[in-house]
Amino acid sequence: MLSKGLRLACAGAAVAVGLTACSSSSSSGSGGKTLKVAYQKFGNEIHVDAHMQKVKAQFEAAHPGIKIQLDPINVSENDYYTKIDLMMGSSSTAPDVVYEDTFLINSDIQAGYLTPLDSYLSTWSDWSQFPDTAKAAARGLDGKTYGVPMGTDTRALYYNKDLLTKAGIAMPWQPKTWADVVAAAKAVKANDPGVIPMNIYAGKPDGEGSTMQGFEMLLYGTQDTLYNSASKKWIAPSKGFSDSLQFLKDAYSGGLTLPPQQELDPNVGNVVGGQLLPQSKLAIDLDGSWVTSTWTPTGAKPWPAWSSTLGEAAMPTQDGGGKGTMSMSGGWTLSVTAKSKNKDLAAQFVELALNKDNSASYDVADGQIAVRNDVAADPTYQNSNPTTAFFTGLVPVTNYRPAYAEYPKVSDAIQVAMEAVITGQSSPADAMKSYTESLKGIVGSSNVAAGTS
Amino acid sequence: MRFRAAIAGEDLAAAAIGGPTSPRRGRAARLTRATRQLPLAPALIMLILFFLGPVLWSIYSSFTNAALTGDGAANPQWVGLDNFRRLFSDPNVTNGIWLTVVFVLGSAVIGQNLLGLAIALLMRGRNRWLRGTVGAIVVSAWVLPEVVSAFIWYAFLGQDGTLNQVTKALGIGSQDWLYSSPMLAVIIANTWRGTAFSMLVYNAALADVPLDVQEAAELDGASGWRRLWSVTLPLIRSAIVTNLMLITLQTLSVFTLIYVMTAGGPGFASSTLPVLMYQQAFKFSEVGYGTAISLLLLAIGAVFSFVYVRVLKPEA
Amino acid sequence: MGVDTPSRRAARLVCAGILVLIGVAFLAPLVWLVLSCFDASAQTNVKFPDHPSLDNFRAVMNTDMLWRPLWNGLLLCGGSALITVLIATFAAYPLSRYQTRFRKPFLYTVLFATGLPITAIMVPVYGLFVRLQLVDSMPATALFLATTSLPFAIWLIKGFIDSVPISLEEASWVDGASPMQALRHIVVPLIAPGMSVVLIFTFIQAWGNFFVPFILLQSPEKLPASVTVFTFFGQYGAVAYGQLAAYSVLYSMPVVVLYLIVSRTMGGAFRFAGAAKG
C-alpha cells in the first residue's frame, strides 16, 4: 500500500515539479503525511486563499497519501503576524509552509523560525527564472535564502484624466518634480473645490502602507534614504527626511489632501479605493499597483470604467534628479518553517505553488507584478491588466526597504512622525528630532548617522 | 440593621461556624478541616495552572527582552530593570497612565457609576412600563459583544455618523468626534456600554432600602438632596464600594472598544495603557516590555482598590 | 402613602422626563445598527434604507460565516460558563462557611485577579498550551476562559451563599446530611437565581472575547463568531457595513435571548454587592 502510494507520488511529482524534487521526497518516505500551510485571508484579500486551494488540489493529486491542510488566518496584518510567530515558535503547532511578508521576514529569520531553502533551490530549475533583486528579498544576513517570492509590487501616481484635463493639465500627465505634483493638485483645487486634489497615506492607522506608499515614496526621491547599506548605518537626521515631512505638512495644511481626521481613519484605504476614485472625487492618488484588483469583475468593488477613467504616472524624484522617477517595492514569499517535520515535501509544495503557471495565475488575480522572468514575458500576464506594463516598467527605478529585523519598529517611528506632522502636533523639524531619538533607541546610537544636511 | 459587605472582604456576615460536628483534637480534626476545604481544590488548580503560572511568567519576562520574533525570540536575555527604566522615560507611557486614569474616572467612576445610580433612583416609583422600557434599553447596551459596541460607536461618532447628522440638523455644525475629542468619545462609549451593570447593582441595593426610612426623613422636612445624601446613600454604602471596585478593575483593562474606535490615536491621544501594552507586545512583538506595561496597569488597579477600601470603608 | 401635592406631581413629571431622555440617548447609537442591517448599501450614516431588504442577512447566513462560528461560540462559551459556575460554587462554599487563616488574603487576591488584563498573559498561556499539547483544543480553551472568569464568579457566589442563613444547614446537619449534601439540597436551590446570573455573565464575557480563542485555537472550523466577525473588514476593499450590521445583530442574538430568560431573576441577584437589610 505504502509503496504503491510512493510510486504514485513519485510519478505525480515527476509531472508536477520535476524528477529532482521527487527523489528527495521518496527517500524520506512520505506516505500518509499532512502538510500544513498557513496564510492570511482577510476581508477582500481572497486571492491567496484561492491560489492555495488550487495548489492543494494539484499537490494532492500528484502525491497520493499526502494531505494538505490549509490554515487560512482571518485577521488583519498585525494579528496575522502575532499568530504565525506564536505558531512557528513550537514544533507541535508550526505550519510547514508559511506566507511571509518580505518586510518582516528578516526578524523571523533571526528568530530561527525559517529554514534555508538553498539546498532545494539549487536543484530547482525554475529558480534561474527569478532575477537577483527578487531573490534578495528573502535573503538572510547569513546569505542564505529563506523564501520564494510570489510576486512584487510597485507604487506610482494614479490620476483622474477628466479632473486633471478640466484643471487645464495636458494629457498624458507625467510630473517631473514634486513641485509639478503640487502644481497639478493646486490647479485641481482651484478648478473644483469639491474635489480632493490628492491622496498620500500618512499616519499610524494605515501602518506599513503609510510608511511605504506615503513616506518612502517621497524620501527615496531625495538625496537620502533610510539606511546606507555601504556604511551599514541608519540615516537620521537628514535633509531628505525633513523635506519629505515638509511636503506632507504643506500638502495637508494647504488642503490638498483628505482632511487629516479622514486620513487617520483605519478605513481610509477602503474609502479611497472603494469610493473616492470610482466616484471621481479624488484627482491624484499615490498608491500601489494592486489597487486595480479591487475594481476587476471578481474584485471587491467592480468598476468597469476604471481603465478609461484613470491614468498612471511615475512618481518623480524631488527635483527631477537621479533617474527622474522612482518607486518602492515589497511583496510576499512562501517559506518553509524551521520546525517543519516534512521540509522536503514543504519545499516541493512551495516549488509547485510558484511554478510558472501558478505564479502567473496568482500574479494576475492579485494584481501582483511578476518576479519570474518567464511569467513577465508571457503575453497572457502582460495583457491581463492594462496597467501591468506600466507598473512592471517601474522595476528598473524601484527601491527596496531595508527590511532588517528592526525595520518594523523603524516603520512605526516614521508613522508617528508623519502623524505628528499632518495633525499639526509637531513641526517637521521637531518630528524629525523625535524620530532620530526613537531610531537611536531601536537600532542603537552607534548605528545611526546623519544624512545630507 | 446589619451590613453585608461580602465583596469588600469585610467579613461581617455569618460568623464562622464549626460545621456538623464539634471540634475534635488531633489528626482527625485536622483531617476534617482539610476535607472541608476540599471543594476549593478544582478552583485552586485551575487558578494556579492558568492564572498564577502565566502571571509569574509575565513578571519574569518583564525583566527580559523576550520577543515574538527577531533576536529576542531565539535567545531572550535577562535585562534587569531595563524595561522599567524605559517605562518611566517613555513619554507615551506617562501619557498613557494619565489617559488611563482619566478613562477610569470619566467612564467608570463618574459615567457608569453616577449615571447608573441616577437611573436607579429615577426609576423608583415610576410606572412599570417606563421602568421596564428604559431598563431594557440600558441593559441591551451592556449585553452586546464589545466588538459590536465598538462598531456601533465608530459609526455613531464618525464624520457621516448619526451624531453629526443630528448636530447638523440642529445647526450646530459637525465635527469628527473620534479625531477632535477621542478621549471623550471612548469615555462616552464605555459609559454607554457599562452603565447597566451599575444600574442593576443600585436597583437591587435600593430595593432593600425600606420606604419608611425615606418617608420618616421626608416627614422631618428633609429636602430631596439631603435625604439622598444623609439617608439613602449611607444605606447603600457597601454596594457603592463594591460597584466602584468592580467597574474600576473592569474599565482599567478595556482594550477592544478603544482599539476599534480610535486605535489609540490620533497620535497617542487615546492610547491608554492596555492599548500601549497590546502594541508593544503584539505589534512590535516585544513581549518583555509589553508585560512591564501590564504590571504598571495592575499597580494602578491596586491603588484604586486601596483608596476605595480605605475611604469608603463601611462602618460596622 | 404621602400626600399628592401639585409640586410633587411636577417633580414626578420631571423625573419621568429625565428618564425618557436617558432612554432615548441610550437608544440612539442602536438606530444605525437596526437600519443598516436592512440596507444592502449601508454606510456609516443613519438613513432609512432606500430598498429595505434581507439581502445582508442572506449574504451572511451560511455555515462557514455564521452557523458554525455561532455553534462553536455556544460550545466554547456555554462550556466555560457551566464550568465556571460549578467550580465557583464548590469553591465559594467553604470560603463562606469556614473561617481559616488564608481566607481573607485569598479573597483579596481573587478580587484583584478580576482586574488583570488577560491579553497580558496570553503569550505564556500559549506557551503552556503548547507544552501540554492543548493548542486547538476547544475543551481546553473553554477551561481557560472559565479560569479567567472564575475569580469574579467566586466572589459573587460567595456573596450569595453568605446571605443564606446558616441555621437552615444546621437543621440538615442534625438530620445527618454532609456539608456537600447541604450545599446541594439547601443552598443551591436558594442561590439558583444568583448562579444563573453568574452563568449568563460569564457567557456574555466569553461571547465577546476575541483574543483568547484567536490565540489558542487554530483550525478555522473551530473559531467562534467573535473571531470571524472580522471577516467584514477588508484591507483594500470596502467594508460591507450592511453585512457587518446584519452579522452583529445575529451574533448578539444569543446573548440577548439568554438575558431575557434570566432577566426576571436578574435584578434580585444583583444584591450580591451588599445591601442594608432591615
Can you tell me how much longer the chain between residue A:132 and residue A:119 gets when fully stretched, taken as 0.36 nm per residue apart minus their C-alpha distance, in nm with one decimal? 3.0 nm
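Counting other beta carbons within 10 Å of each Cβ, put B:89, B:62 in order, fewest first. Don't skip to the answer; put the middle values down first.
Values: B:89 10, B:62 25.
Taking fewest neighbouring Cβ atoms as first place, the list is B:89, B:62.
What percent does the relative contact order of chain B come to when contacts are Cα pairs within less than 8 Å and at least six residues apart?
After rounding, I find 28 percent.
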Total charge dipole magnitude, region C:60-273, about the Cα centre, Cβ charges on Lys, Arg, Asp, Glu only, Debye to nearest 20: 380
Average projected area of the Cα convex hull of region C:123-223, in nm²? 8.2
Name the shape class, rounded, prolate or oblate, that the alpha-carbon gyration tensor gives for region A:102-172, where a ≥ b ≥ c are the square roots of its eigenvalues, rounded holds for a/c under 1.5, and otherwise prolate holds if a/b is larger than b/c and oblate otherwise. prolate
If you place +1 on the Cβ of every Lys and Arg and -1 on the Cβ of every Asp and Glu, how big does the dipole about the Cα centre of the protein assembly as shown come out, in debye to the nearest 20? 3560
Exercise: per-residue mean of other protein chain Cβ atoms within 10 Å, B:227-237: 1
Quick one: check the C-alpha center-to-center distance for region A:211-241 versus region A:141-183, whole angstrom. 18
Which entries in C:104/C:222; A:41/A:433; A:54/C:222 show an alpha-carbon gap greater than 32 Å? C:104/C:222; A:41/A:433
Gap in Å between the Cα centre of region A:374-392 and the Cα centre of region A:340-364? 21
Compare the Cα positions of A:261, A:286, A:222 along the charge dipole of the protein assembly as shown (+1 at Cβ of Lys, Arg; -1 at Cβ of Asp, Glu; about the Cα centre) and return the one farthest towards the positive end. A:261
What is the Rg over Rh value, at two decimals, for chain C, using alpha-carbon atoms and the Kirkwood definition of Rh? 1.06
Extension gain, residue C:67 back to residue C:221 (0.36 nm per residue minus Cα-Cα distance, nm): 54.4 nm
Between residue A:76 and residue C:102, what is the label-point separation in nm under the 7 Å Cα-to-beta-carbon projection? 4.3
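Can you tell me, using C-alpha contacts under 8 Å and at least 6 residues apart, the relative contact order of region C:11-60 as a whole percent?
On the way: 37 pairs, mean separation 13.3, N = 50.
Reported as a whole number, the value is 27 percent.
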Taking a temperature of 25 °C and a viscosity of 0.890 mPa s, what whole-number D in µm²/s does Stokes-Einstein yield for the protein assembly as shown with Rh from Kirkwood over alpha carbon pairs? 78
Helix A:77-88 axis, angle to chain A major axis (alpha carbon atoms, nearest 10°): 30
Determine the alpha carbon to alpha carbon distance for each of A:36/A:341; A:56/A:356; A:144/A:440; A:166/A:189; A:204/B:283 and list only those over 18 Å. A:144/A:440
Could you give the alpha-carbon Rg of region C:25-79 over 2.2 N^0.38 Å, rounded to two decimals? 1.43
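When N counts the residues of chain A, how does its alpha-carbon radius of gyration compare numerically with 2.2 N^0.38 Å, as a ratio?
On the way: Rg = 22.8 Å, N = 453, 2.2 N^0.38 = 22.5 Å.
In units of the 2.2 N^0.38 Å rule of thumb, it is 1.02.
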Residue A:142-residue A:69 FRET efficiency (beta carbon distance; Förster radius 35 Å; 0.05 resolution): 0.70
For the residues B:252, C:66, what sequence is obtained by ranking on other C-beta atoms within 10 Å, fewest first? C:66, B:252
Between residue B:311 and residue A:229, with labels modelled 7 Å along Cα→Cβ, what's the label distance in nm to one decimal, could you check? 6.0
What is the distance in Å between the Cα centroid of region A:276-329 and that of region C:138-152? 49
Extension gain from residue A:445 to residue A:170, taking 0.36 nm per residue of separation minus the Cα-Cα distance: 94.1 nm
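Which of B:293, A:46 has the fewest other C-beta atoms within 10 Å, and how do the rest follow up to the most?
Values: B:293 28, A:46 18.
Lowest to highest Cβ neighbour count: A:46, B:293.
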Under a crude label model (7 Å from the Cα following the beta-carbon direction), how far is residue C:25 from residue A:305 in nanometres? 4.7
For chain A, what is the relative contact order in percent, using Cα pairs closer than 8 Å and at least 6 residues apart in sequence? 25
Overall Cα dimensions of region B:80-311, principal axis frame, Å, largest first: 64, 49, 28
Out of B:299, B:205, B:115, whose Cα points farthest toward the positive end of the dipole of region B:80-311 (charges: +1 Lys, Arg; -1 Asp, Glu; placed on Cβ)? B:205
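Helix-derived [θ] at 222 nm for the protein assembly as shown: sum -39500 (n - 2.57) over DSSP H runs of at least 4, divide by residue count, nearest 500?
So the calculated ellipticity at 222 nm is -16500 deg cm²/dmol.
Here, each number is a calculation from the coordinates, and none is a lab measurement. All values reported here derive from a predicted model rather than from experimental measurement. Cβ: placed from backbone, ideal geometry, glycine included. Neighbour counts: every protein chain shown.
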